[in-house]
Structures are given as C-alpha cells and as structure tokens.
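Student: Pasting a structure here, questions to come.
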Amino acid sequence: MNIPFHRPALGDSAEEELAQVAEVLRSGWLTTGPKAAQLEAEFASASGAPFAAAVSSCTAGLHVALAALGVGEGDEVITTPLTFCATVQAIELTGATPVLADVGCDGNIDPASIESRITSRTRAILPVRLAGLPCNIDSFRTLAQKHNLVLVEDAAHADPLCGATECDAAVYSFYATKNMTTAEGGMVTTRNEALDARIRLLAHHGIRRESPGHWKYQVVEPGFKYNLSDLQAAVGLAQIRRLPQTRKSLRSLANLYQTRFKRDAEDLIELPPGIDQPSHSCHLYSIRLRLDRIRIARDEFIDRLAERAVTASVHFIPIPLHPAFRHLSADPAQDLPRAMALYPRLISLPIYASLSEEQVAYVADSVIAIARGAAR
Ligand SMILES: *Cc1c(COP(=O)(O)O)cnc(C)c1O
C-alpha cells in the first residue's frame, strides 16, 4: 500500500472537469470570460460573500487585495510564522514590511501577540486559517477597529462552504493540493463593492474599458496581470460543484483518524485542535507528537512512515527559519516561542477525498505502531 500525501478530488475519471474544459476549448475563447464569471458567481453564492473575484493564485490575490486596500511602502503588516512563504511574500510585493506575531495553542495567530506588535506603521493584519481551523476573527476586528487597520485573511486552507468571514477580504487558493483546484488559481471575496471593483481593476493591468469587448481602453493606474483563464475556471466549476461531496469525505476521514487516535494513542500524540468544529475545512490533519513521551524526533518519525510507504508532511516550517526571511526575527525561539515549540512536533497525515477508509486505517496503524515502538 503506497499512500501519497495528496491527490486532487477529480472523481473516478475527472469526467465533469473534462467536459467543462472541452467546452472551453471548443468555444474558441480560452482566457478570462464566461467560465471565470460563472465560477465567481457560484463561489460568491457558496461562501455567502457578496463579491468574488477570480485570480491567478492565492499569492496574487493576497498581493492585489493588500494593494487595493492601500497597503504599501512604509507600512507594516502583521502575520503568522506558521504559514507558507506566499503569505509573507505577498506582503513584501506591496513594499510593506511583514511583522511576525506568535501563534496560540491552536496554531493560529494569537490576538494578544498581534496587539504587542502594533506600531504607528501597522496598516493591516493578515491571519491564516491554519489547516482550515477558523481564526478568532472577532478579536482581530476589535484590534483593527481600535487601531484603524485593514483585515485580509489568507483562506488558502478553507473552502467557500466554510462561510464568509468578517474581513475586508478573504483569499482562497485553487492550487493543486487545496480543497478545490484549478491547478493554479485563487479567489478574493469581500463584502465591499468598491474594493471588489478596485481588485478587478488592479488584477488586470489597471485597464478600464469603454465597454466590455470594445477595442478602446485606458490604463488608469499601474496594475498586475493576475486574471484566471476560462480554461482553469472550467476545472473550478466542476470542482466547486463537487465540493459538498469532497467536504463530506474529508470530514468522515478526519473523524476516522480522530476515533482511532483517541482510543489508541492519545497518550503519545495530541490531536489537531478544533478539527471537530463543523466550520473546520479538514484541509489538513496535523497531529502533534508528545515528544516528552516518544524517543524519536519528528523527522525520524516521518522517515519511518515513509518506510511504510506513507508520505507525510509538515505545516509549516516557521517563516524565520528560511534563509530569505531570517531578517524577520533575530531570535525566533525568543520572539515566537509557541510557533517554535510547535514546529518540531507537527506531522500532517494524508487526507483527501480519494483516500479510502482502509488507507486511513493503515496510516493510523502505522502512526500508532511507530509511536508505541518508540514510547519512553
Ligand atoms: C497554498 C498556500 C498559499 C498559496 O496559494 P497559491 O494559490 O499557490 O498562491 C498561501 N497561503 C497558504 C497558507 C497556503 O497553504
């Protein structure tokens, strides 16, 4: 039994995706057009956010959302160290400076730590829904109101069915490993019509047309090239329509892991926080080793899973441990103690719609056997 870390949810033979893509290819219109517009409409309706703008990636969406909100040079944006590099790079693309706040026990950015990092230059807070666990948005909003900040959520691990949050903008990812995919792509949702219009303008070169399809246009300000093609949006349409089913599968597989580990391993591994909440997307299933009770380190644990043909991963390597981001923390253990203490304990196990119950049982058996074999 060889169990990869991820497989996209494409059904048995990707028939819906193939039909959608074939339609686009036969139509003669490949780039942003009716399919992208349709995906935006279905995404908005699924999420409950009134406006949704399709973009070429979550990274692009985070960049354009921050830029559209006026974040730029001289500003500081507070975010989490337990994220993919894209979150921090999107901030840097605006010219602003990323500032790292520590996480709480749940792995999401901690409101108290955010508050301690606020300066006169702080312009925005950029929380990440780690693994799909909703953040404490209410406390971020209170901080944002008090200090006049904007709130942009990195919702790469969420899906529209998790519901819209009360942020200025939320940005989703359609990367190949996410809850729904277009291979590469993303979506920016907002409740603010003017912001949505500005995001659309900036995501397409800052171009304003006299009327749709008319040859005459003006570039009214510097912009980016961040649109989603219809070829990709077509895949997204099949994916978003399959999402209720995908979500049900992920939830049921997470429950299988939970039941098994609660029964047989809770003394050796800690279970993912909040995974039982209905609003958790179950995008990742990340266990935490109780290193005081296990003799081997996390890296070796993952190697032993690989010996059993189970591919695991880690979400995430804390940002300041990457050479490109060392300047963001002189002393991570001191500045970001919780993130740094969590990192050596984290293992993300395979979870995706096409994973069978037998495979989950095999992964769980493997984790338990390795942990038991190494128990102190
Ligand atoms: C995947 C991911 C991104 C980047 O998404 P892209 O669509 O590949 O740009 C950003 N943030 C987090 C937390 C991610 O996991």
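Student: Compute the acute angle (0 to 90°) between the alpha-carbon long axis of helix 137-147 and the principal axis of greatest extent of the alpha-carbon atoms of the chain; round to the nearest 10°.
Tutor: For 137-147 against the chain, the angle is about 60 degrees.
Student: Then there is this: GNM, the chain, Cα, under 10 Å: largest mean-square fluctuation among THR181, THR119, THR32?
Tutor: Most flexible of the set in this elastic network: THR119.
Student: Where both residues lie in segment 119-195, what percent of DSSP beta bridges are antiparallel, nearest 5?
Tutor: Numbers: 4 of 11 bridges.
Roughly 35 percent of the beta bridges in segment 119-195 run antiparallel, per DSSP.
Student: Taking 0.36 nm per residue of sequence separation and subtracting the Cα-Cα distance, how much length would be gained by fully extending the chain between ARG26 and ASP138, in nm to one decimal? Don't skip to the answer; put the middle values down first.
Tutor: Details: separation 112, 0.36 × 112 = 40.32 nm, distance 4.70 nm.
My answer for the length gained is 35.6 nm.
Student: Order of 312-318, 66-72 by packing, highest average Cβ count within 10 Å first? Write out the running numbers ahead of the final one.
Tutor: Numbers: 312-318: 19.0, 66-72: 20.7.
Listed from highest to lowest mean packing, they are 66-72, 312-318.
Student: Given H placed 1.01 Å from N in the peptide plane, which residues other than close sequence neighbours of ASP110 have an amide H under 5 Å from its amide H?
Tutor: Excluding prolines and chain starts, which carry no amide H, the hits are ASP102, VAL103, GLY104.
Student: Turning to a different aspect of this structure: By how many degrees, 0 to 90 and rounded to 10, does the Cα axis of helix 230-264 deviate from the longest principal axis of the chain?
Tutor: 20
Student: Mind checking which aspartates and glutamates have their Cα closer than 15 Å to the Cα of LYS248? Skip sequence neighbours fewer than 8 apart in that chain.
Tutor: ASP159, ASP276, GLU357
Student: Once you place label points 7 Å from the Cα toward the Cβ at ARG338 and ARG295, how far apart are they in nm?
Tutor: Each label point lies 7 Å from its Cα, and together they span 3.3 nm.
Student: Taking a cut-off of 22 Å between Cα atoms, list the lysines near LYS35, but don't count ones fewer than 8 places away on the same chain.
Tutor: LYS178, LYS225
Student: Kirkwood Rh over alpha-carbon pairs of segment 13-55, then Stokes-Einstein at 10 °C and 1.306 mPa s: what D in µm² s⁻¹, rounded to an integer? Walk me through the numbers before you get to the answer.
Tutor: On the way: Rh = 11.5 Å.
Roughly 138 µm²/s, to the nearest whole number.
Student: Placing +1 at every Lys and Arg Cβ and -1 at every Asp and Glu Cβ, with all other atoms neutral, what dipole size does the chain have around its Cα centre, in debye to the nearest 20?
Tutor: Details: 37 positive and 42 negative charges, 35 e Å.
Computed charge dipole of the chain: roughly 160 debye.
Student: Using alpha carbons only, how many angstrom separate the centre of segment 2-64 from the centre of segment 292-344?
Tutor: The distance from the Cα centre of segment 2-64 to that of segment 292-344 comes to 33 Å.
Student: Let me ask something else. Compute the Kirkwood hydrodynamic radius of the chain, taking the inverse of the mean of 1/r over all pairs of distinct Cα atoms, and give it in Å to one decimal. Mind dumping the intermediate values first?
Tutor: Values: mean 1/r = 0.0465 Å⁻¹.
So the Kirkwood estimate lands at 21.5 Å.
Student: Per the Kirkwood definition applied to all pairs of different Cα atoms, how many angstroms is the hydrodynamic radius of segment 226-361?
Tutor: Working: mean 1/r = 0.0579 Å⁻¹.
Answer for segment 226-361: a Kirkwood hydrodynamic radius of 17.3 Å.
Student: With a 1.4 Å probe and every protein chain kept in, tell me what percent of the accessible surface of the chain is carbon plus sulfur. Could the numbers behind the result be given before it?
Tutor: Working: 8360 of 16150 Å².
Roughly 52 percent of what the probe reaches on the chain is carbon or sulfur.
Student: Still on this structure: Assuming R0 = 45 Å, what is the FRET efficiency of ALA324 and ALA361, from their Cβ-Cβ distance, to the nearest 0.05? Present the calculation step by step, with values, prior to reporting the outcome.
Tutor: Working: r = 40 Å, r/R0 = 0.89.
The computed FRET efficiency comes out at 0.65.
Student: Excluding residues fewer than 8 places away in the same chain, name every one of the lysines whose C-alpha is closer than 18 Å to that of LYS216.
Tutor: Counting by Cα, and skipping residues close in sequence, LYS216 has no lysines nearby.
Student: With each pseudo-label sitting 7 Å past Cα toward Cβ, what's the LYS225-ILE317 distance in nm, one decimal?
Tutor: About 3.0 nm separates the two model spin labels.
Student: Sticking with this structure for a sec: Could you tell me which residue out of VAL363, MET340, ALA375 lies farthest along the dipole of segment 331-376 toward its positive end? Charges go on the beta carbon: Lys and Arg +1, Asp and Glu -1, centred on the Cα centre.
Tutor: The listed residue farthest towards the positive side: ALA375.
Student: So, one more: Place +1 on the Cβ of every Lys and Arg and -1 on the Cβ of every Asp and Glu in segment 28-140, take the dipole about the Cα centre, and give the residue among PRO98, VAL64, SER139 whose Cα lies farthest towards its positive end.
Tutor: So the residue furthest toward the plus end is VAL64.
Student: Do the sum for the chain: with -39,500 (n - 2.57) for every DSSP H run of n ≥ 4, divided by all residues, what is the mean residue ellipticity at 222 nm, to the nearest 500 deg cm²/dmol?
Tutor: Working: 12 runs with 148 residues, N = 376.
Computed ellipticity for the chain at 222 nm equals -12500 deg cm²/dmol.
Student: Okay, next question. Rounding to the nearest 10 and keeping the result within 0 to 90°, find how far the Cα-based axis of helix 357-373 lies from the longest principal axis of the chain.
Tutor: Roughly 50 degrees between the two axes.
Student: So what's segment 160-200 giving for Rg/Rh, alpha carbon basis, Kirkwood Rh from the mean inverse pair distance? Walk me through the intermediate numbers first.
Tutor: Values: Rg = 11.3 Å, Rh = 11.1 Å.
Rounded to two decimals, Rg/Rh equals 1.01.
Student: Take the alpha carbon atoms of segment 212-261, find their radius of gyration, then divide it by 2.2 N^0.38 Å using N residues; give the quotient.
Tutor: Values: Rg = 20.5 Å, N = 50, 2.2 N^0.38 = 9.7 Å.
In units of the globular-protein estimate, segment 212-261 measures up at 2.11.
Student: Could I ask something else about it? Using 10 Å bins from zero, what percent of all Cα-Cα pairs in segment 295-334 falls into each bin?
Tutor: Calculated over all Cα pairs of segment 295-334, the distribution is 25, 34, 29, 12 percent.
Student: Give me the three principal axis extents of segment 1-88 from the C-alpha atoms, as integers in angstrom, largest value leading.
Tutor: 48, 42, 26
Student: So how far apart, in nm, are the two label points at LYS262 and GLU166 if each is 7 Å from Cα heading toward Cβ?
Tutor: Rounded to a tenth, the inter-label distance reads 3.1 nm.
Student: Can you sort THR165, THR246 by 1.4 Å-probe accessible area, starting with the largest? Don't skip to the answer; put the middle values down first.
Tutor: On the way: THR165 30, THR246 10 Å².
Correct descending sequence by accessible area is THR165, THR246.
Student: Considering only C-alpha atoms, what is the centroid distance from segment 238-288 to segment 73-113, in Å?
Tutor: Each part reduced to its Cα centre gives a spacing of 26 Å.
The values are calculated or read from the model by the stated rules, or taken from the named source; none is laboratory data. This is a predicted model, so every value here is computed, not measured. Positions of Cβ are backbone-derived with ideal geometry, glycine not excepted, and every protein chain shown enters the neighbour counts. The protein model used for the area step is the full one, side chains on, heavy atoms only, and it has no ligands, DNA or RNA in it. Shrake-Rupley method; radii C 1.70, N 1.55, O 1.52, S 1.80 Å.
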